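J.: One structure is given below, represented as structure tokens, and several questions about it will come after.
No lab work stands behind these numbers, since they all come straight from the coordinates. Computed from a prediction, not measured in an experiment: that's the story for all the values here. All Cβ positions, even for glycine, are placed from backbone atoms using ideal geometry, and neighbour counts span all protein chains on display.
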Amino acid sequence: MEQLPQPKFKLEIPGSDTVVDYRVYGEFKNVGTFDYEYIIKDKAGLAKAVGQGIFPHEYDYSQDSYYQNMKSKGLLEGNPWDHIYTDNPQADFFIWASTDNIERGVRQFFIGEIFQYAGLISQAVKAFYAALVHYPRSICWSNDNRSFFWFVGQAAIVKISHLCRQYPELGVRLEGADFNIGGHREFPLRNLDLGKEKIEIIPGFFTPWGRNERVKEEKDLNSMEITKTVGTGKVQLVQFSNRHWQLRVDGKPFFIKGMTYAPTRVGETPFPETLAKFPNAIPKANWMWQDTNNNGKIDAPYESWVDKNRNRVQDEDEPVVGDFKLLKDMGCNCLRFYHEPEHNKYNYAYLNKPLLRDMYVRYGIRVALGDFLGAYCLGSGADPANGTDYTDPAQCARMKKIVEDMVLDNRDEPYILLWVLGNENNMPAVNSINAVRTNAYANPAAYLNFVNEVAKMIHQLDPNHPVVTCNNDVVHLNHLRDLAPDIDIFGVNAYKGSAGFGELWQQVYRIYDKPILVTEYGCDCYHPGQGVNEGEQAIYHEASWKDILYNRAGRGGYGNSIGGIVFEWLDEWWKSNRETSPFEHDTTHNDLFILPDGTVSEEWFGLCGQGDGKQSPFLRELRRAYYLYKTMWTEWPLWEPKK
């Protein structure tokens, strides 16, 4: 719980009301229907209550001395989209508040973003709520007007809920707000027909919610009846009478504090095209067996060192530590990676079992072991041009045999925590390096019938460990519920912005009564035009983890969270473009995305950097997010209420 921050600038007219009761100044009509609207009856009173920058307040910026001073210095020029999250939030505010070139609802929402970034938290809540009340149907598109879009009203609910939890000093919460898009609850939204979609809107209202109310929300799970137990062995899931879920290992609560681990050496790439274009490029190797200095020790897990002063030289006070020790120190208890039988062509088993056993015994870290199940055509033998076909008996038999071998080979290993099936296989095929290349999106029934068949097989082979499916957001949630009942845990790769995961918990709670493991979430630390921004990355991760905690069993959320897996441990330099050298750390963004700068830079997601790459695979630059997790994962209580 945080104190309200010190504002970075002051408003001339902040508004008379800290929290605005819109019922005093107008009338809500048709709440909860497609015909929702808010009718203003006292415009002057509402304007006085909300204050500067919030509709319907009108302000003559030409008379503002701060505005005129900044304008005379040329600080208020350029595209408003280049003026978000900068070092001068007051200039950002003036630019957005005075522009007429951006749709009103979108403008109101991003004024709220600027207020939040500037530490004007109560004003930010008012701005987001104004966007919800007046402009809930407003749409913000990606810059290409086609990749994705999101509704201002839905995003505003997410932001308000996040800020009220983040800052108990506000003393309020938004009660009852909802945003139903024709039955769809996806954020960001894709592939909806805007001409046909109808939106049910409930703006909700603010109620008192201070520290005392928060503590009252805490549930004593020890006194609560367990109504369902999933699994008969070492790792089980239990559901309490209030529908909250908990993962247990050896009968004790186990909350997953996980990391996607793929310590790829700089210069390595899996792309044949890149290898052909750059003769010095190196075929991607298996980190579990990699010993580049031939000293008998595996490189990344045991021989990495922290470049504390970032001079890219290993100084006397920078001893060899190893990734496993660094991960243990930050509180990590689970690594996620994939079983890849294709690696057998290198004449060694893919999994280095002695290494993983040592990781578990010495460092207490378990494994969420996955099989791609045809994603990227891995395991299916399909032609990448056509994608994995889940109606093809030969492809399905091949994939099922690979999973069977994986389970039989590892089911008795102490490091196994759970099995993961797929990786965003239900994502639409796109023309990019991350194309999943399956037909699961077009034919979800065939895919999910196969997933359920594989899950059922795993349960027969291994009753000791639960099965997770790795979904792309909440797409096909109804199909999952109906066609894949043998899946134990809803795994979801989710990138929802810097306010946590939004309606994810509620969506699953309503539709699919399964515990949720966020199998992948994260944020890059590169901001095009600004360079490395570790602060943005850390802020994103903090909000994500707080949301994961808030929705675990016994807390005030939906109680279906069993943990999360960060993406990812280390920057990987091969990811951005097959046309660029894997020895170059790409600084161009790959796509527009819901991250702090509105873009995604694939090669900068690590909680650790690799410096200039010349000391790879050993050098580690620990970023702010690493130390943040070290605090959140080792110091924050999991099972006791946070007073």
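J.: Using 7 Å Cα-to-Cβ label points, what is the Val24/Asp383 separation (nm, one decimal)?
T.: About 6.9 nm separates the two model spin labels.
J.: Separate question: Run the simple label-point estimate for Asn311 and Asp87 please: 7 Å along Cα→C-beta, distance reported in nm.
T.: Going by the 7 Å Cα→Cβ label model, 2.6 nm.
J.: For the stretch 11-43, which chymotrypsin sites (Phe, Trp or Tyr not before Pro) are in a loop by DSSP, counting at most 15 other Cβ atoms within 10 Å?
T.: Details: sites: Tyr22, Tyr25, Phe28, Phe34, Tyr36, Tyr38; in loops: Tyr25, Phe34, Tyr36.
When the chymotrypsin sites (Phe, Trp or Tyr not before Pro) of the stretch 11-43 are filtered for loop state and at most 15 Cβ neighbours within 10 Å, Phe34 remain.
J.: Quick one: compute a quarter of the convex hull surface over the Cα atoms of the chain and quote it in nm². Before the final figure, lay out each step's value.
T.: Details: hull surface 118.2 nm².
Mean orientational projected area (the chain, Cα hull): 29.6 nm².
J.: Here is a further query. Over the chain, calculate the relative contact order: mean separation of alpha carbon pairs under 8 Å at least 6 apart, over the residue count, as a percent.
T.: Reported as a whole number, the value is 13 percent.
J.: Sticking with this one: Counting other Cβ atoms within 10 Å, keep those with at most 16, restrict to DSSP loop, and tell me which GluC sites (Glu not before Pro) in the stretch 67-151 are left.
T.: Glu77, Glu103
J.: Still on this structure, I have one more. Principal axes first, then extents: for the Cα atoms of the stretch 231-278, list largest minus smallest coordinate on each axis, whole Å, largest first.
T.: 59, 20, 19
J.: Just in the stretch 308-340: which trypsin sites (Lys or Arg not before Pro) are loop by DSSP and have at most 15 other Cβ atoms within 10 Å?
T.: Numbers: sites: Lys308, Arg310, Arg312, Lys325, Lys328, Arg336; in loops: Lys308, Arg310, Arg312.
For trypsin sites (Lys or Arg not before Pro) across the stretch 308-340 that sit outside H, G, I, E and B with at most 15 neighbouring Cβ atoms in 10 Å, the list reads Lys308, Arg310, Arg312.
J.: Gap in Å between the Cα centre of the stretch 211-272 and the Cα centre of the stretch 468-485?
T.: The stretch 468-485 and the stretch 211-272 have Cα centres spaced 19 Å from each other.
J.: Follow-up. Answer with one residue from Gly153, Pro89, Gln166: the one whose Cα lies farthest towards the positive end of the charge dipole of the stretch 22-216, charges on Cβ with Lys, Arg +1 and Asp, Glu -1.
T.: It is Gln166, whose Cα lies furthest towards the positive end.
J.: Starting from the Cα of Asn79, step 7 Å along the direction of its Cβ; do the same at Arg362; then give the gap between the two resulting points in nm.
T.: 5.0
J.: If you place +1 on the Cβ of every Lys and Arg and -1 on the Cβ of every Asp and Glu, how big does the dipole about the Cα centre of the chain come out, in debye to the nearest 20?
T.: Working: 68 positive and 85 negative charges, 290 e Å.
Roughly 1400 debye for the chain.
J.: Taking the Cβ of each residue in Glu453, Glu404 as the centre, tally the other Cβ atoms inside 10 Å and list the residues starting with the fewest. Mind dumping the intermediate values first?
T.: Working: Glu453 13, Glu404 16.
In order of increasing Cβ crowding within 10 Å: Glu453, Glu404.
J.: Given a cut-off of 21 Å, name the pairs among Lys257/Lys496; Lys284/Lys401; Lys297/Lys328; Lys10/Lys496 whose C-alpha atoms lie farther apart than that in the structure shown.
T.: Working: Lys257/Lys496 19 Å; Lys284/Lys401 25 Å; Lys297/Lys328 19 Å; Lys10/Lys496 30 Å.
Among Lys257/Lys496; Lys284/Lys401; Lys297/Lys328; Lys10/Lys496, the Cα-Cα distance tops 21 Å for Lys284/Lys401; Lys10/Lys496.
J.: Could you order the peptides 445-452, 355-362, 152-159, 604-611 from most to least packed, using the average number of other C-beta atoms within 10 Å per residue?
T.: Numbers: 445-452: 21.1, 355-362: 16.4, 152-159: 26.6, 604-611: 24.5.
Descending packing order for the listed peptides: 152-159, 604-611, 445-452, 355-362.
J.: Take the Cβ-Cβ distance between Asn464 and Thr292 as r, set R0 to 41 Å, and report the resulting FRET efficiency rounded to the nearest 0.05.
T.: Here the calculated transfer efficiency is 0.70.
J.: For n ≥ 4 DSSP H runs only, could you compute -39500 (n - 2.57) per run for the chain, divide by its residues and tell me the 222 nm figure to the nearest 500?
T.: Details: 17 runs with 185 residues, N = 643.
Computed mean residue ellipticity for the chain: -8500 deg cm²/dmol.
J.: Here's a follow-up. Compute the Cα gyration tensor for the stretch 256-634, then decide on rounded, prolate or oblate, letting a ≥ b ≥ c be the square roots of its eigenvalues: rounded whenever a/c is under 1.5, prolate when a/b is larger than b/c in the other cases, and oblate in all that remain. Walk me through the numbers before you get to the answer.
T.: On the way: a/c = 1.38, a/b = 1.24, b/c = 1.11.
The shape class here is rounded.
J.: Filter the chain for me: DSSP H helices, axial length by Cα at least 18 angstrom, mean Kyte-Doolittle hydropathy not below -0.5. List them by residue number. Walk me through the intermediate numbers first.
T.: On the way: long enough: 104-117 (20 Å, 0.00); 121-134 (20 Å, 1.00); 152-166 (21 Å, 0.50); 393-410 (26 Å, -0.27); 444-461 (25 Å, 0.37); 534-550 (24 Å, -0.76).
Those that pass (Cα extent of 18 Å or more, hydropathy at least -0.5) are 104-117, 121-134, 152-166, 393-410, 444-461.
J.: Quick query: amide H of Thr269 versus all other amide H atoms, modeled in the peptide plane; which residues come in under 5 Å with a sequence gap of 5 or more or a different chain?
T.: Those qualifying (amide H under 5 Å, at least 5 residues apart or on another chain) are Ile282, Lys284.
J.: Kindly give Rg over Rh for the stretch 22-216, based on alpha-carbon atoms, with the Kirkwood expression for the hydrodynamic radius. Intermediate values should be presented prior to the final figure.
T.: Values: Rg = 17.3 Å, Rh = 17.8 Å.
Here Rg/Rh amounts to 0.97.
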